[in-house]
Amino acid sequence: MTKPHPWMANSASDAKQEMLAALGVNSVEALFGQIPEDHYHSGTFNLPRQLASEVELSRHLNDLLSKNATAADNLCFLGAGAWPHYVPAICDEVVGRYEWQTSVFGSPTSDHGRNQAWFEFCSQIGALVEFDFVGLPVYSWGCAIGHAVRMAARMTGRRTVLIPAIMDPERLSVLRNYCEPPEMARHIDIVEVAVGPDGCIDRADLAAKLNDGVAALYFETPSYHGVIEADPAGLCQAATAVGAEAIVGVDPLSLGVLEAPGAYGATIAVGPTQPLGVHMNAGGGVGGFIASPDTERYAREYPTLNITIAETIEEGEYGFGLTLFGQSSYGSREEGKDWTGNSVYLWSLANAAYMAAMGPAGFEEIGRLILARARHAAQAIDAIEGCSVDLSRPFFKEFVVRFDSANVDTVNAKLRDQGIFGGKDISGEPGIDGQAALYCVTEIHTDQDIDRLVAALKKSL
Amino acid sequence: MTAPISNRSDARFEGYHSARWAEPVVMELSSPGRRGAVFPDAGPVPDLPPGALRKARPVLPEMTEHDALRHYLHLSQMTLGMMGVSLFGTCTMKYNSRIGERAVAADQLAEVHPLQHPDTLQGVLEIYANFNDMLCELSGMDQFVFQAGGGADAAYTHACVTRAYHASRGELAQRDQIVTTIQSHPCSPATANAAGFEVITLSLEENGYPSLDQLKSAIGPRTAALMVNNPDDMGIYNPEIKEWIKAVHGVGGLCFYDHANFNGVMTRVRARELGFDACMFMLHKTFGAPKGGGGPAVGAYGCADHLVPFLPSPLVVRQGQGFALDEDRPQSIGRVREFWGNAPQVVKAYAWARAMGAEGLREAADLSVLANNYMDKRLGELPGVTKSHPHIDAWRLEMTRHSVEQVTKDTGCTVVDIANRMTDYGIDALWLSHEPWVVPEPFTPEAGELWSKEDIDYWIDVMARVIKEAYVDPKTVKTAPHKGAIHQLKTDGMEDPERWATTWRAYQRKQGMAEAAE
């Protein structure tokens with residue numbers, strides 16, 4: 001080291017010498033005696049040059065990251081698991097706080113504020129989905145589905161889950177890992193239920209596949225293709241009638257206008273947290289929630305860490321601490337429920353601030369705005385020669401654009417040249433014949449943006 | 001004229017008090033009609049099926065933007081984090097650089113969609129590729145993947161890769177066991193179990209680790225993998241680890257190195273050279289990205305060539321002059337989580353590693369081991385403080401497991417009481433030990449390379465002071481904290497289904513029922 005490092009206090013030599021002297025050794029090397037000689041790496045490490053000065057490091061990072069093109073400088077119509085939404089400035093302020101970024105685990109008193117904010121995340125999710133029990137967030141929506149399905153399998157003792165035949169391939173791939181390969185003793189069978197021409201679950205096929213071996217029905221509203229299920233209560237009722245759990249995946253931003261799963265008979269709700277005040281972060285903004293009734297049947301199967309309000313020893317004061325820790329992997333290792341660990345807890349603070357600022361009226365307004373803007377965009381695209389959108393389907397935020405003859409990959413390349421990220425290419429995916437793209441329109445898209453997209457699409461076909 | 005506060009000898013001990021805002025739960029701050037966010041008028045909204053429409057508005061707070069901001073800033077102020085001194089063992093608390101935060105907060109990463117065409121992702125992909133190379137250099141592995149959302153998720157990734165590897169050889173049905181040790185992180189046995197394996201846990205022996213004989217008696221044709229850390233959380237390094245790996249390979253199993261405790265061996269050992277097939281680094285701790293109270297995190301999972309085909313997809317690969325996302329990997333386990341990882345954390349970890357360089361990493365390892373042994377020596381001089389395996393006289397690596405069992409026997413004050421009381425001096429709660437506690441009344445500090453000798457001395461001085469208090473005034477210790485944001489929680493109702501409440505809805509309902517019953 002030529003200079004003391006700004007991030008290492010004891011790299012200034014006095015402190016080091018004082019500690020060596022206290023230990024009575026001449027060099028640090030003497031402290032590594034536990035490691036046998038033949039375990040040492042014999043060569044040097046070929047790493048890029050040290051950038052200890054912030055001025056150099058900052059320039060280097062900026063040089064690299066500026067090679068990205070962004071959804072801020074381009075019009076972005078990509079969704080499918082990460083969505084371009086407006087992130088209120090207060091959310092960035094909240095997650096930027098050093099206290100929260102550097103909190104480790106603490107105690108209910110030393111990290112009281114963070115624990116309360118966690119509780120408020122759970123409380124506000126609970127209010128949106130109308131469930132009383134909400135765990136701390138998990139890695140992603142797909143992971144939330146995986147855990148919910150495993151909870152259902154444990155609760156029912158059954159090993160089959162029904163899912164829509166049209167499901168986001170990202171989430172489905174995650175779920176397949178959670179359900180384990182057929183060689184494993186506790187493998188969960190994934191059975192697809194047909195999706196009808198209206199984009200909703202096919203009720204006849206569902207009836208044919210529901211039986212007393214089914215642990216859970218999982219469906220989403222809005223679906224992967226953005227379709228709003230017409231009768232979610234009927235689907236849940238069909239599942240629970242055979243003793244299966246009704247797990248519903250929802251977009252929390254839709255819940256100002258769409259019914260809460262807890263109100264129509266779902267038994268577990270899951271969904272993404274990124275829409276609630278978290279940037280897309282190249283996919284690093286994703287998170288997931290799990291919610292259910294607050295009965296022991298459900299509560300005792302949660303794999304998450306769970307935070308409860310509790311009294312303190314001071315009359316009238318309350319705080320927040322962990323409950324049901326013993327059933328987590330921290331408490332019970334392999335006897336625990338699945339596993340937990342570091343998740344996306346910092347994002348839950350952005351989510352909490354977002355939901356508090358939005359309030360009931362904010363959710364209602366954003367829901368209506370997204371419905372209206374997406375509908376307007378779909379109509380405008382449908383009017384383009386060579387494109388079509390099924391306007392008979394009610395949809396939220398996302399919709400399928402079909403191309404008569406154009407190739408989506410080629411179209412998207414042309415759109416990129418015009419500063420537009422076209423919808424996700426879903427050609428060849430289940431339920432899609434021919435060329436199609438999944439478009440996402442949210443509160444960030446203006447009428448002028450839609451006009452620009454339409455003009456660019458016309459030029460690109 | 002009064003002396004400046006810094007000259008008062010007890011100022012640092014007595015001067016601390018947490019912010020205390022008596023902040024209501026956010027729902028209680030609601031006032032009907034107030035708005036914290038408004039949106040443009042939607043215009044005509046399409047008709048929706050009646051069965052899909054929400055009937056009752058969600059019971060969320062109605063408050064202004066300013067009130068929402070102030071509320072959460074109040075809560076942040078009542079969070080100690082690393083504003084005081086936090087030597088939280090096993091989590092390797094480092095400086096979470098502001099330049100890292102600034103870099104990732106800009107639109108050029110924050111406003112990037114993961115499904116953008118790779119041509120528009122060249123900056124972040126280049127960072128992934130460069131950082132992959134650095135981790136390969138540090139570990140000797142051939143490829144890393146950053147999809148796992150935390151250290152435990154990387155352990156789970158390993159369990160999934162293990163399934164795919166043995167399935168590809170037609171041996172998965174036969175290989176249904178994963179072997180670990182009682183000193184491994186709980187996520188190793190838990191993820192092995194969640195992936196469908198039976199878990200075999202080896203116990204510690206005289207030298208502080210399980211014997212090679214015990215391992216050999218536990219492995220065989222049913223062994224799918226070994227999952228271990230080294231050194232463990234007591235700072236004890238298993239010198240027979242190469243022989244362990246040979247034995248497990250000998251029966252056809254894979255070996256996974258949970259490198260959560262990398263700090264002490266950084267730039268000295270390479271996982272692959274020890275024989276491991278795969279390893280995991282925690283970017284949110286070891287590589288300087290924030291822990292954030294529990295993520296977003298990254299378990300960077302790396303492996304040798306023979307496991308690369310099974311890694312989650314996509315992989316970031318070099319292609320011509322640029323970088324691409326490779327999805328065409330037929331033997332891949334697919335996704336353990338959507339997309340390709342917590343990019344901001346990867347960028348921050350890369351920034352940290354670049355700021356350190358090879359010489360900085362070496363210095364960090366040296367300082368962390370030096371500081372730990374300095375702490376170990378000073379703590380050993382405190383009355384009632386012992387450490388695990390005291391008969392082992394070797395210097396420990398980056399942390400040591402200590403015990404206050406004697407203090408508890410003498411005074412009734414447990415390690416939790418002591419931890420609570422230490423927060424009155426601005427020290428964040430200690431890390432005790434993962435379950436099960438093999439050492440009674442345990443605590444596990446880890447100084448790392450960040451904290452100054454003065455901070456470390458202060459931490460030890462506070463513990464000395466609290467132990468003294470335990471002997472003369474145990475009530476003060478047992479009722480601590482006294483200078484916190486709130487008082488000690490009453491834990492009696494927290495495990496009671498009638499009283500626990502993870503949401504405000506549940507709390508109100510249960511309070512109402514309790515009042516009705518009275």
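The values are calculated or read from the model by the stated rules, or taken from the named source; none is laboratory data. These numbers were taken from a predicted model, which means no experiment stands behind them. Here the Cβ is made from the backbone with ideal geometry for all residues, glycine too, and neighbour counts use every protein chain on show. Heads up: the accessible areas ignore ligands, DNA and RNA and are worked out on the full protein's heavy atoms, side chains in. Shrake-Rupley method; radii C 1.70, N 1.55, O 1.52, S 1.80 Å.
Quick look at the numbers
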item: Apportionment of accessible area to carbon and sulfur, chain B, percent (1.4 Å); result: 51
item: DSSP bridge pairs, the stretch A:90-354: antiparallel proportion in percent, nearest 5; result: 50
item: Solution diffusion estimate, µm²/s, Stokes-Einstein, the stretch B:100-355, Kirkwood Rh from C-alpha pairs, 20 °C, viscosity 1.002 mPa s; result: 116
item: Cβ-Cβ FRET estimate between B:Asp393 and A:Ala12, R0 fixed at 30 Å, reported to 0.05; result: 0.50
item: Tail fraction, Cα-Cα pairs, the stretch A:150-210, threshold 13 Å, whole percent; result: 65
item: Helix axis angle, A:447-460 relative to chain A longest principal axis, alpha carbon, degrees; result: 80
item: Residues in the stretch A:302-329 occluded by at least 40 Å² - accessible area, probe radius 1.4 Å, against chain by itself; result: A:Thr308, A:Ile309, A:Glu311, A:Thr312, A:Ile313, A:Glu317, A:Tyr318, A:Thr323
item: Size of the B/A contact, given as accessible area buried on both chains, probe 1.4 Å, in Å²; result: 17700
item: Alpha-carbon gyration tensor eigenvalues x 5, square-rooted, for the stretch A:292-407, Å; result: 45, 21, 12
item: Hydrodynamic radius by Kirkwood, which averages 1/r over all alpha carbon pairs of chain A, in angstrom; result: 24.8
item: Antiparallel DSSP beta bridges within the stretch B:100-355, as percent of all bridges there, nearest 5; result: 45
item: Separation between Cα centres of the stretch A:288-346 and the stretch B:454-478, rounded to whole Å; result: 31
item: Accessible solvent surface per residue of chain A, calculated while the other protein chains remain in place, 1.4 angstrom probe, Å²; result: 31
item: Cα-based Lys pair tally, the stretch B:368-495, threshold under 26 Å, eight or more apart or on separate chains; result: 21
item: Rough spin-label spacing in nm, given labels placed 7 Å along Cα→Cβ, for B:Arg98 and B:Asp213; result: 5.9
item: Proximal aspartates and glutamates relative to B:Lys55, as straight alpha-carbon distance under 20 Å, when same-chain residues fewer than 8 apart are discounted; result: A:Glu130, A:Asp132, A:Glu220, A:Glu229, A:Asp231, A:Asp251, A:Glu259, A:Glu364, A:Glu365, B:Asp47
item: Between the stretch A:119-167 and the stretch A:169-223, the Cα center-to-center distance that results, in Å; result: 14
item: Where labels lie 7 Å past Cα in the beta-carbon direction, separation of A:Glu317 and B:Ala464 in nm; result: 3.0
item: Contact order normalised by residue count of chain A, Cα under 8 Å, 6+ apart, percent; result: 19
item: In Å², nearest 10: area of A:Phe105 left accessible to a 1.4 Å probe; result: 60
item: Calculated FRET efficiency for the pair B:Leu53/A:Asn211, C-beta based, R₀ 30 Å, to 0.05; result: 0.45
item: Helical contribution to [θ] at 222 nm, DSSP H n ≥ 4, -39,500 (n - 2.57), averaged over chain B, rounded to 500; result: -11000 deg cm²/dmol
item: Value of D in µm² per second that Stokes-Einstein yields for the protein assembly as shown, Kirkwood Rh from Cα pairs, at 25 °C (0.890 mPa s); result: 85
item: For the stretch A:90-354, alpha-carbon Rg relative to the globular expectation (2.2 N^0.38 Å, N residues); result: 1.00
item: Coordinate range along principal axes, alpha carbons of chain B, Å, largest first; result: 76, 69, 56
item: Bridge type composition, the protein assembly as shown - antiparallel percent by DSSP, nearest 5; result: 55
item: The stretch B:100-355, accessible area per residue, ligands and nucleic acids excluded (1.4 Å, Å²); result: 24
item: Cut-off 13 Å, label 7 Å out along Cα→Cβ of B:Glu327, residues of the stretch B:109-139 by amide N; result: B:114-118
item: Spin-label proximity, B:Cys136 to the stretch B:319-347 - amide N less than 16 Å from point 7 Å beyond Cα toward beta carbon; result: B:319-326
item: All lysines inside 27 Å of A:Lys459 as judged from Cα atoms, apart from same-chain residues fewer than 8 positions distant; result: A:Lys67, A:Lys397, A:Lys414, A:Lys424
item: Mean separation of Cα contacts under 8 Å, 6 or more apart, over the residue count of chain B: relative contact order %; result: 19
item: Between helix A:112-129 and chain A: long-axis angle, C-alpha atoms, 0 to 90°, nearest 10; result: 10
item: Close Lys-Lys pairs in the stretch B:100-355, where close means Cα under 19 Å and separation is 8 or more or interchain; result: 4
item: Carbon and sulfur %, accessible surface of the stretch A:90-354 computed with the full protein complex present, 1.4 Å; result: 51
item: Rel. contact order, % - alpha carbon contacts under 8 angstrom, at least six apart, the stretch B:100-355; result: 28
item: Cross-link reach list, lysines versus A:Lys3, counting only Cα pairs under 17 Å and skipping chain neighbours closer than eight places; result: A:Lys16
